[in-house]
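To keep things clear, I will list the structure first and then write my remarks on it.
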């Protein structure tokens, strides 16, 4: 419990941890939450972690926490921190996490609920059998060492060149599916080997593929621009960089613990180990992190290709005729070098988003032409029993959160507690009674990922919308889910 | 869901475990086997061969050694597709560990929980009286 942390109320959706809370904090903590969510946030040690992140050298403005914040390791999950590179700002592998570029993509279809409601079980079973998922699963898309190196450089483009997608898919992916400056030489042989077998696999735990239907529209202009309607069937894919990212994070965390003394950096948790962005250690990590980010984008592109193939076989028409076009793909575990306004001056910052989504406003140069008017699509998946959301980024997010919003519902219950209290068979029945079909690789995953283990995503999205850091476009409810 | 050589401790997003032993060698062995127990469940015996893998790690202190050790086991297990059913620690002090991990083919196992890595967050490795105890948060 963090009940002793003093929070100053700024308004109904923002709370401050003053710098005076802990000697060593360079900036205050700023938490986006309402009173209801705050009660949950107080249940674990996430707020202490917000204060710890405020120790990072070069951090500017605030150590930020989104409303889905929960206890992580080092950084809280749902944390955003930006450091000023010119002022010795650091980069921390722990501020990105082991699953580098864990993220989510959302694609639409021109199917309506009535087209799938009697077939959803068969469709989900077909997706489950044709898309490799689960712990350590190996994919059908095999890559050689040379091809893996190409993936690390080209990201999603590698898949598109193989025929697993189109240029439009790249346009609708953050960074066009590949960060520039990736250097495979910065990646250990062990990391390469760990990643090689897992291309085109979903992964386990909270990773999923979900068939959804739009059940609420909020923003008519944005919905029209995206050609979205009530009752339209959507598909969300959530995955990351798998073993490659885990190994890169481990390799560089180990090195950066050693470099803390070298740079005279004092952080209250070794998992916050870091080095100046401009140092040799910082540059090498960033180059390796970009490789894992590119691998993850390629992986989600391959997963989308496999999904389109299943739909084609199942409905007997091409994916283009099914209207299976990508809305957007967002990373929610990543560090980016971005330009932001700090105290009236444009600064080059290293923005860590650890369980947070980029949410750039209308007109931002990083956005594709088609989204310049509405802003960046922000995809917020919920748990498997409630809702997911599509939002758009706002100018207020640029001013307050370095263009960032939440990334999901946020865990409420520990996995061990979920395993103790949730019966997977009862859960399947309960979801079935709501018309939700779930196929999971393991019984443990089912219990661990039960809706009651998560906060209500509706509450989380209410906060980001009402605080103005993203704007609701539409809400989806799940029809069927495959879990790793 | 829990074995006598380790206990779960609460953590919202991840898995925390507490491991005890009368010796440092036993502590490292128990923590390694706890990782196997959380991750895998034996289902068949179609691939009976044993694969002995030498694991050697060094570090500036016992806590870093403990994390390096667990992460090395996770990494080798993933890369070699092996499940470590037994561990023999041949030499150990607070800065160095040398061990043989006895691996079995992963295809004989059902995979329960993917552990991405052992983390430094709230890590404790210490000797109290005669007992070595470690607490570690595993990212899953």
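Among the residues of region A:246-269, not a single one is part of a strand (DSSP E or B) and either at pLDDT below 95 or surrounded by fewer than 24 Cβ atoms within 10 Å (Cβ to Cβ) (or both). Filtered by the rule that a residue be surrounded by fewer than 16 Cβ atoms within 10 Å (Cβ to Cβ) and closer than 20 Å to residue A:77 by Cβ, region A:4-37 gives a lone residue, A:36. The lone criterion from (1) buried (at least 20 other Cβ atoms within 10 Å of the Cβ); (2) facing chain A (nearest Cβ under 9 Å); (3) touching a residue at least 24 places away in the same chain (Cβ under 8 Å); (4) in contact with a helix residue (DSSP H, G or I) (Cβ under 8 Å, 6 or more places away or on another chain) left unmet by residue B:137 is number (4). Among A:95, A:29, A:74, which is within 14 Å of chain B (Cβ to nearest Cβ), in contact (Cβ under 8 Å) with a residue 12 or more places away in the chain and either more than 30 Å from residue A:280 (Cβ to Cβ) or out of contact with any strand residue (DSSP E or B) (no Cβ under 7 Å at 6 or more places or on another chain) (or both)? None of the other options fit; the residue is A:74.
Considering A:205, A:200, the condition of being within 14 Å of chain B (Cβ to nearest Cβ), modelled with pLDDT under 95, assigned to a loop (DSSP other than H, G, I, E, B) and on the phi > 0 side of the Ramachandran plot is satisfied by A:205 alone. What do you reckon, is residue A:484 over 30 Å from residue A:59 (Cα atoms), in contact with a helix residue (DSSP H, G or I) (Cβ under 9 Å, 6 or more places away or on another chain), within 14 Å of another protein chain (Cβ to nearest Cβ) and buried (at least 23 other Cβ atoms within 10 Å of the Cβ)? Here the answer is yes, as residue A:484 does meet what is asked. Report yes if residue A:130 is surrounded by fewer than 24 Cβ atoms within 10 Å (Cβ to Cβ) and either in contact (Cβ under 8 Å) with a residue 60 or more places away in the chain or within 14 Å of another protein chain (Cβ to nearest Cβ) (or both), otherwise no. Yes; evaluated as a whole, the condition is true for this residue.
Does residue B:84 satisfy the condition of being under 30 Å from residue A:79 (Cβ atoms) and either facing chain A (nearest Cβ under 9 Å) or crowded, with 21+ Cβ neighbours inside 10 Å (or both)? For residue B:84, the condition - under 30 Å from residue A:79 (Cβ atoms) and either facing chain A (nearest Cβ under 9 Å) or crowded, with 21+ Cβ neighbours inside 10 Å (or both) - is not met. Whether a residue is at pLDDT 95 or above and within 12 Å of chain A (Cβ to nearest Cβ) was assessed, and residue B:95 does not pass this test.
Condition check ((1) in contact with a helix residue (DSSP H, G or I) (Cβ under 7 Å, 6 or more places away or on another chain); (2) at pLDDT 95 or above; (3) buried (at least 24 other Cβ atoms within 10 Å of the Cβ)) across all residues:
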position	(1), (2), (3)
A:77	no, yes, yes
A:108	no, yes, no
A:123	yes, yes, no
A:140	no, no, no
A:155	yes, yes, yes
A:161	no, yes, no
A:167	yes, yes, no
A:170	yes, yes, no
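Among the residues in region B:9-20, are any in contact with a strand residue (DSSP E or B) (Cβ under 8 Å, 6 or more places away or on another chain), more than 14 Å from chain A (Cβ to nearest Cβ) and either in a helix (DSSP H, G or I) or surrounded by 15 or more Cβ atoms within 10 Å (Cβ to Cβ) (or both)? Within region B:9-20, one or more residues are in contact with a strand residue (DSSP E or B) (Cβ under 8 Å, 6 or more places away or on another chain), more than 14 Å from chain A (Cβ to nearest Cβ) and either in a helix (DSSP H, G or I) or surrounded by 15 or more Cβ atoms within 10 Å (Cβ to Cβ) (or both). For region A:2-39, the set of residues classified as more than 22 Å from residue A:469 (Cβ to Cβ), in contact with a helix residue (DSSP H, G or I) (Cβ under 7 Å, 6 or more places away or on another chain) and assigned to a helix (DSSP H, G or I) consists of A:21 only. Looking across region A:329-359, the residues that are assigned to a loop (DSSP other than H, G, I, E, B), out of contact with any helix residue (DSSP H, G or I) (no Cβ under 7 Å at 6 or more places or on another chain) and in contact (Cβ under 8 Å) with a residue 24 or more places away in the chain come down to A:332, A:355, A:356.
This table checks each residue for (1) in contact (Cβ under 8 Å) with a residue 24 or more places away in the chain; (2) more than 14 Å from chain B (Cβ to nearest Cβ); (3) within 22 Å of residue A:118 (Cα to Cα).
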{"residue": "A:215", "(1), (2), (3)": "yes, yes, yes"}
{"residue": "A:222", "(1), (2), (3)": "yes, yes, no"}
{"residue": "A:225", "(1), (2), (3)": "yes, yes, no"}
{"residue": "A:247", "(1), (2), (3)": "yes, no, no"}
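The values are calculated or read from the model by the stated rules, or taken from the named source; none is laboratory data. Note that the coordinates shown come from a computational prediction; the quantities given were computed from them, not determined experimentally. Reconstructed Cβ throughout: ideal geometry from the backbone, glycine too, with neighbour counts over all protein chains shown.
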